[in-house]
Amino acid sequence: MSSSGPKVSVIVPFRNRRDLLRGLLDALDAQTLDDFEVVAIDDNSTDGAAEEARDRVVGGRPVRLVAGDGRGAVAARHLGVAAASGSVLAFTDSDCEPQPKWLEAGMAAIDAGADVVNGRTRPARPVGPLERSVWSGEEGLYPTCNMFYRRVVFDRLGGFDVAAAARLGFLMEPRARGLGFGEDTLLAWRAHRSGSRVEYVPDAFVSHYVFPAAIVDSISRAWQMSAFPPLVKEVPELRATLVHHQVMFGPRNRLPMYAAAAALASRRWALVAGAVGWWLGVRLRDLRRQPASWEQRLAAVPQELLLDVVAGAGLCAGSVRSRTLLL
């Protein structure tokens, strides 16, 4: 371990999730690289998560616990950066478990000349109907659950844009306040455009927790799709990885829903029936790929269709607001 202080500061914001935070700290303690510190920012937890972090030693160093002010994850990360002493900033989240060589792989790329590194993120287990997790790799979103920045580059670029979520329209629904949106993507693309060396390192691997089905939360997140058209307008490079046929966003096929809506608006009832049948068929095909019984899959269909409607409405609203088409 370096006597002059850690080379890497791992920045982790959290609010509650005590059990998940314990799993993250255990995973960090198992890293094959040991020249690092953990800076954990408590954003007003009420379940004892702060005590969990305060009492831990990870990688031979006590966790540095920073008190947040309840303004959400983006503000908490900035507090963590201010408290960090490493020349490299590594970001992950309380719902993640980095694999043992995560830091070693990310730092190998930094030591070889990279300024910014994003790793590979996959769900910790197969994702069932209506469950939620995170996948990331080379799609260009650069989520903060798995990122490395040279400190000098992070500072030169101005860090995360705290106004990004509001500008992109992510704060339209109260449940989403404080989550942040797009600030991580925008920072990485500022790095690209400034001439910084940005690399994808799949061996810097993070497992992401799979959250159980929660329909109210799912509806909220579906509506927040309205922020993606403005984000794609600011980062048009995302059209190459996230947009199909120039306008269809993401892997989910919502074309049957739009067809059903158009047929309903024109009162062409036979076309409505055909489009709804197409829509149901597409969703059932998608559900067949998920680990669940047929009873669970069928029970999820009405909610899946509702989420399509909410997400489609959000994308249309965001397209109008940003004047860029994304469906």
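Worth a mention:
Yes or no, residue by residue, for (1) within 30 Å of VAL216 (Cβ to Cβ); (2) touching a helix residue (DSSP H, G or I) at 6+ places or on another chain (Cβ under 8 Å); (3) in the same structural domain as VAL243 (by TED's automatic domain parsing); (4) surrounded by 20 or more Cβ atoms within 10 Å (Cβ to Cβ):
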position	(1), (2), (3), (4)
ASP111	no, no, no, no
VAL117	no, yes, no, yes
PRO123	yes, no, no, no
TYR142	yes, yes, no, yes
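- For segment 36-52, filtering for residues that are in a helix (DSSP H, G or I) and closer than 25 Å to ARG150 by Cα leaves 0.
- Some residue of segment 234-252 being over 30 Å from ARG167 (Cβ atoms) and either over 17 Å from the mean Cα position of the chain (by Cα) or touching a residue at least 12 places away in the same chain (Cβ under 8 Å) (or both): no
- Boolean, LEU33 is closer than 26 Å to ILE110 by Cβ, in the same structural domain as ARG150 (by TED's automatic domain parsing) and in a helix (DSSP H, G or I): no
- Residue check for ARG71: farther than 22 Å from THR121 by Cβ and touching a residue at least 60 places away in the same chain (Cβ under 8 Å): yes
- Cβ-Cβ under 6 Å pairs, at least 6 apart or on other chains, segment 141-155 side in contact (Cβ under 8 Å) with a residue 12 or more places away in the chain and closer than 19 Å to PHE181 by Cβ, far side assigned to a helix (DSSP H, G or I) and not basic (Lys, Arg): LEU141/THR185; TYR142/ASP184; TYR142/THR185; TYR142/ALA188; PRO143/ASP184; THR144/ASP184
- Odd one out for VAL162 among (1) within 23 Å of ASP43 (Cβ to Cβ); (2) in a helix (DSSP H, G or I): (2)
- Screening segment 226-325 for helices (runs of 4 or more DSSP H) wholly inside it with 1 or more residues that are loosely packed, with under 13 Cβ neighbours inside 10 Å returns the ranges 239-242, 255-265, 269-288, 294-322.
- Test result for LEU20, at pLDDT 95 or above and either part of a loop (DSSP other than H, G, I, E, B) or over 20 Å from GLU104 (Cα atoms) (or both): yes
- Residue check for ALA176: modelled with pLDDT under 95, in contact with a Ser or Thr (Cβ under 7 Å, 6 or more places away or on another chain) and not assigned by TED's automatic domain parsing to the domain that holds VAL310: yes
- Segment 277-320, residues that are among the β-branched types (Val, Ile, Thr) and modelled with pLDDT of 95 or more: VAL309, VAL310, VAL320
The values are calculated or read from the model by the stated rules, or taken from the named source; none is laboratory data. Just so it is clear, the structure is predicted and the values come from calculations on it, not from any experiment. Note: ideal-geometry Cβ built from the backbone for every residue, glycine included; neighbour counts use all protein chains shown.
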